[in-house]
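The values are calculated or read from the model by the stated rules, or taken from the named source; none is laboratory data. It should be emphasised that the depicted structure is a prediction, and the values quoted were computed from it without experimental measurement. FYI the Cβ positions are ideal-geometry reconstructions off the backbone, even for glycines, and counts take in every protein chain you see. Accessible surface is based on the protein model in full, side chains and every heavy atom, while ligands, DNA and RNA are left aside. Shrake-Rupley method; radii C 1.70, N 1.55, O 1.52, S 1.80 Å.
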Amino acid sequence: MGAHIVSIDGFFFPQGKSYFAIIQTHGYIQFMGWIGLFIMGVSLYFFPRISHIPIEAKKTNWILGLISVGLTGRYLAHNTTPYISAPTVFSVLNWIIFLSTVTVWIGVLFYVGSFGKAVLKARGTSALEKLNPIKGFMFMTLLGWVVYNTVQVGLTWEMLRSNSLILDVLWNEWSLQAFTLLVVIPICFAVSVRTFPLYLRLAPIRWQVEYLAMLYAIAIAMELLYLKGWWTIAGMILRSVLVIWFIWKIDILTRFKAPWTHYQKEPFKLDRQKQPRDGYPDYGEWGRFELLVYSAYFWLAVAMILDIFRIVSIYTRLPILIYPDAVRHLILLGFATMLIFGMAPRMIPGFMKKKMVAKPHWVIWTFWIGNISVIMRVIPIAFTGKSFTVFSGALYGLSGIFVLIALVLFSINMWKSTVVDS
Ligand code: HEM
């Protein structure tokens, strides 16, 4: 759907009846399908192992079933309504959109409920204490799931009630921003804090992550609750500064600090047969996953800097245009998607007791093609919006194809990793 819309804009095709319905469905499916199901799958496996707090596995099938059925229903119905003129059929399809969104919402409540129940059961145990640094981020994520999906249920009910073709644009926009700030960024930060020192040989996390999480929560509350104009501005700027501060503190792009191995009392007993990669604990069996992780955090830093410029330029009338959709896709395609492309080859095979990713050499191709798609998707609109030349339009128009190629490489590699003998 994204690839379709960019090709319409980039190659100056007429928008057609379904243009806005497809954009809204693209956003919903990307959030609940691509990012959402990945976060759910990894967190339902990872959380019990890092916390030793068991989670009811039997609910997992229900969660997957409800969300898959809901996403399919919403995708098919909302891509059809634009072509329907018969009022009854139109209304039936709007009912399907509403009920599909409710189905996803119930799946999400099962997911959040499983976590809530596990945490309540573990209250006061040392297992929970171990999670203190990332507790704030985890709580924001669970809240974000409920907020986004509850607003989506309300919007699809309103669309049904008013017989409209698309969701209320402002409230939909608010819910998208809420999901990005409450779920996407915090969950990536929580996993990064728990895994990067080990996977990337970074410095040990010896700073107060929970304080940064608290300040971040205050900043996004100011940004999302729209209490007063300057509150929102201050919240947006504070949030961007805190995200850049987090990137600085985990030292992922700078590597100024000594890796945690530096503080080891006993040096590692290495397998003399093989030497690990220079600066990394692995032997290349996960491919160059770190390049994708670095690029992800690079795009997040760029997104936050552009967002500060965007906000300042709006309120100081500085003649700088920063197109909001460019910042959005720097966060969602540049950061979140490249991070998934990097972390999945490093983590998922291990979840299935495999010692390597099926095709380690494909990971670097995912890095190049994935990052080229980010550049093609964002640069042509970042400072000009959608006023394209033939060349910039073609770049923008083809960005979807490139990300689809990266996605196919990634998916085949992940699928083959489930069957590889290692
Ligand atoms: C190269 C890959 C992608 C392409 C070509 C693409 C394309 C688009 C286009 C053309 C729009 C409409 C922008 C506008 O308002 O004019 C859009 C909106 C959006 N995209 Fe993407 N996108 C891509 C990747 C992603 C990813 C990875 C995510 C999330 C994980 C995402 C989430 C969204 C959201 C939330 C919106 C706003 C939807 C709305 O307004 O309801 N996109 N995308």
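Some observations on this one:
- Under 19 Å from the residue 139 label point (7 Å along Cα→beta-carbon), backbone N, the stretch 205-237: 208-225
- Dimensionless Rg/Rh of the stretch 152-249 - Kirkwood Rh, Rg from C-alpha atoms: 1.12
- Zone of residue 351's modelled label, taken as backbone nitrogen in the stretch 97-135 under 17 Å from a point 7 Å along Cα→Cβ: 108, 111-112, 114-115
- Between residue 358 and 417, the built amide H atoms are under 5 Å apart, and every one of these is 5 or more places off in sequence or on another chain.
- For the stretch 162-169, putting each phi into the Karplus relation 6.51 cos²θ - 1.76 cosθ + 1.60 with θ = phi - 60° gives couplings of 9, 6, 8, 8, 10, 6, 4, 5 Hz, in residue order, rounded to whole numbers and with x for Gly and Pro.
- Surface per residue (accessible, 1.4 Å probe) for the chain, Å²: 47 Å²
- Karplus-derived 3J(HN,Hα) values for the stretch 229-244, using 6.51 cos²θ - 1.76 cosθ + 1.60 with θ = phi - 60°, are x, 6, 4, 4, 4, 4, x, 5, 5, 4, 4, 5, 5, 5, 5, 5 Hz; glycine and proline are entered as x.
- Distance-filtered residues of the stretch 156-172 - backbone nitrogen under 20 Å, label point 7 angstrom along residue 85 Cα→Cβ: 163-166
- Against the rule of thumb 2.2 N^0.38 Å, how large the Cα Rg of the stretch 382-422 comes out: 1.85
- By the Stokes-Einstein formula, at 0.890 mPa s and 25 °C, the stretch 1-199 with its Kirkwood radius over alpha-carbon pairs has D equal to 136 µm²/s.
- For the chain, the carbon plus sulfur part of the accessible surface works out to 71%, probe radius 1.4 Å.
- Using a cut-off of 20 Å between Cα atoms, the listed pairs 249/355; 58/416; 59/121; 265/355; 58/117 include 249/355; 58/416; 265/355 as exceeding that distance.
- Both radii were evaluated on the Cα set of the stretch 271-329; the Rg over Rh quotient, with Rh as the Kirkwood radius, amounts to 1.34.
- Counting only Cα atoms, the stretch 282-422 measures 59, 30, 19 Å along its principal axes, largest extent leading.
- Protein-only accessible surface order, largest first, of 38, 90, 298, 179 at 1.4 Å: 298, 38, 90, 179
- Size of the chain as Cα extents on the principal axes (Å, biggest first): 73, 49, 49
- The loop-placed trypsin sites (Lys or Arg not before Pro) in the stretch 281-319, going by DSSP, that have at most 12 neighbouring Cβ atoms within 10 Å of their Cβ come out as 317.
- More than 17 Å apart - percent of Cα-Cα pairs taken over the stretch 1-87: 60 percent
- Derived scalar couplings between HN and Hα for the stretch 294-310 equal 4, 5, 4, 6, 5, 5, 5, 4, 4, 4, 5, 5, 4, 5, 5, 4, 4 Hz in order, rounded to whole Hz, by the Karplus curve 6.51 cos²θ - 1.76 cosθ + 1.60 (θ = phi - 60°), x for Gly and Pro.
- Residue 415 paired with residue 215, simple spin-label distance in nm, labels 7 Å along Cα-to-beta-carbon: 4.6 nm
- Cα centre as origin, Lys/Arg/Asp/Glu Cβ charges: the chain dipole, Debye: 1040 debye
- Cubic angstrom per residue, convex hull over Cα atoms of the stretch 184-240: 79 Å³
- Once the Cα atoms are used to define both axes, helix 390-419 deviates from the longest principal axis of the chain by about 50 degrees.
- Spatial separation of Cα centroids for the stretch 202-235 and the stretch 13-82, in angstrom: 27 Å
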